[in-house]
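Rule-based calculations on the coordinates, nothing more; no lab input. In this text, all values refer to a predicted model and were calculated from it rather than measured experimentally. Note that we place each Cβ from the backbone using ideal geometry, even for glycine, and neighbour counts take in every protein chain shown.
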Amino acid sequence: MAETPKIELRKVQKRFGPKTVLDSIDLTVEKGHSMVVIGGSGTGKSVMLKCILGLLHPTKGSIKVDGEEVTRISERHREKVLKKFGMLFQGAALFDSLKVWENVAFALIQGENMERGKARDVAMEKLAKVGLSSDVGDLNPSELSGGMQKRVGLARAIAHDPEIVFFDEPTTGLDPIMADVINQLIVDTVQDMGATALSITHDMASARKIADHMSMIYKGNIIWTGTAAEVDTCGNPYVDEFVNGRADGPMQMEVLKALPPAPSAKWQNSPPDLSVRIAALSRPNGRANATAATSGTLLSKRRQGPAQLLLQQPRNSLAAHASSSILCRWMGTRRKRHAISPA
Ligand SMILES: Nc1ncnc2c1ncn2[C@@H]1O[C@H](COP(=O)(O)OP(=O)(O)OP(=O)(O)O)[C@@H](O)[C@H]1O
Ligand SMILES: [Mg+2]
């Protein structure tokens with residue numbers, strides 16, 4: 001007989017007033033697996049985790065942990081279930097008023113009434129596990145770098161040897177090298193403990209490193225699930241767009257379709273090759289290190305003052321965008337849409 005899944009979500013819906021964030025989520029995480037749910041910003045990843053933890057109550061649907069329905073249990077019973085979980089929050093979410101070791105030992109002292117001296121020893125052991133020396137334990141969180149804070153968050157997540165660990169965007173805000181260190185620590189600690197892991201991220205490098213199974217969430221539904229090895233060849237156009245960061249996939253097209261139509265009169269008298277100015281590109285540092293995500297030719301970029309970018313594109317190519325927006329990727333930032341107008 002197949003083993004009971006560690007976590008099972010069926011038709012989970014979460015609405016906030018008229019807004020449906022989770023539509024009908026089906027997700028299964030088997031014991032000992034490392035499942036990573038990928039998906040864009042605002043697609044409902046954190047809300048899904050909060051529903052499993054009981055921090056938010058789903059509007060409809062079923063959530064089972066070890067086969068036990070947890071959507072309709074008493075608060076007292078939930079506390080028991082919560083002991084199975086460790087969680088690394090999206091920000092490290094450390095308590096500023098507590099020393100590092102007290103942060104790590106928080107659940108041991110508050111939840112399990114462990115004596116402080118013993119809890120301190122466990123905290124120091126867990127800090128060592130994530131590569132932090134014992135003198136770090138006596139510092140305040142504000143004295144640590146972002147990467148160190150993430151490590152402390154990880155030590156706290158595993159302090160009580162949980163059966164299930166959740167990782168919410170574990171690499172956000174870290175440089176690629178520190179992100180890789182954290183990813184490796186996650187892999188090692190989860191394997192060491194024999195735990196089940198559920199991570200959510202939009203960082204594909206992190207997903208590839210951590211996952212043995214992956215799912216993709218889009219518009220409040222799980223639209224694909226498979227092994228990590230299948231993610232590049234699954235043939236799902238949404239997954240393909242996300243994994244490869246394409247600017248012309250179905251998700252981007254839906255965004256563009258939702259934009260107001262281009263003022264077509266403006267284009268009628270334009271020459272076959274159209275120059276367009278992407279206006280009002282102000283960046284905090286005023287530099288214009290831009291590359292166009294479209295096939296246009298970059299004509300000029302201003303290096304001082306409000307950034308400005310001129311593109312020349314074949315008329316048809318521009319018309320294909322069917323909107324008054326264009327996609328640009330500014331160095332070090334995400335792709336952005338900008339209004340365009342004839343130069
Ligand atoms: N308590 C809440 N009340 C109302 N709306 C909420 C609440 N929590 C989340 N939302 C909305 O739910 C949507 C999904 O949010 P969520 O935090 O799950 O996104 P996410 O996929 O984790 O994004 P990111 O990758 O940026 O962290 C957002 O539109 C958000 O505004
Ligand atoms: Mg989130």
Starting at the first residue of the range 118-130, write each ³J(HN,Hα) from the Karplus equation 6.51 cos²θ - 1.76 cosθ + 1.60 with θ = phi - 60°, in whole Hz, x for Gly and Pro. 5, 4, 5, 4, 5, 4, 5, 5, 5, 5, 4, 4, 9
Long pairs among 19/80; 19/50; 31/60; 83/126; 99/150, criterion Cα-Cα beyond 20 Å: 19/80; 31/60
Modelled label-to-label distance, residue 15 and residue 41, 7 Å Cα→beta-carbon offset: nm? 2.8
Of all DSSP beta bridges with both partners in the range 7-250, the antiparallel percent, nearest 5, is 55
Per q in 0.19 1/Å, what log10 I(q)/I(0) does a Debye calculation on the alpha-carbon atoms of the range 1-142 return? -1.16
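Would you kindly state how much longer the chain becomes between residue 175 and residue 212 on full extension, computed as 0.36 nm times their sequence separation minus their alpha carbon distance, in nm to one decimal?
Working: separation 37, 0.36 × 37 = 13.32 nm, distance 2.35 nm.
Roughly 11.0 nm would be gained on extension.
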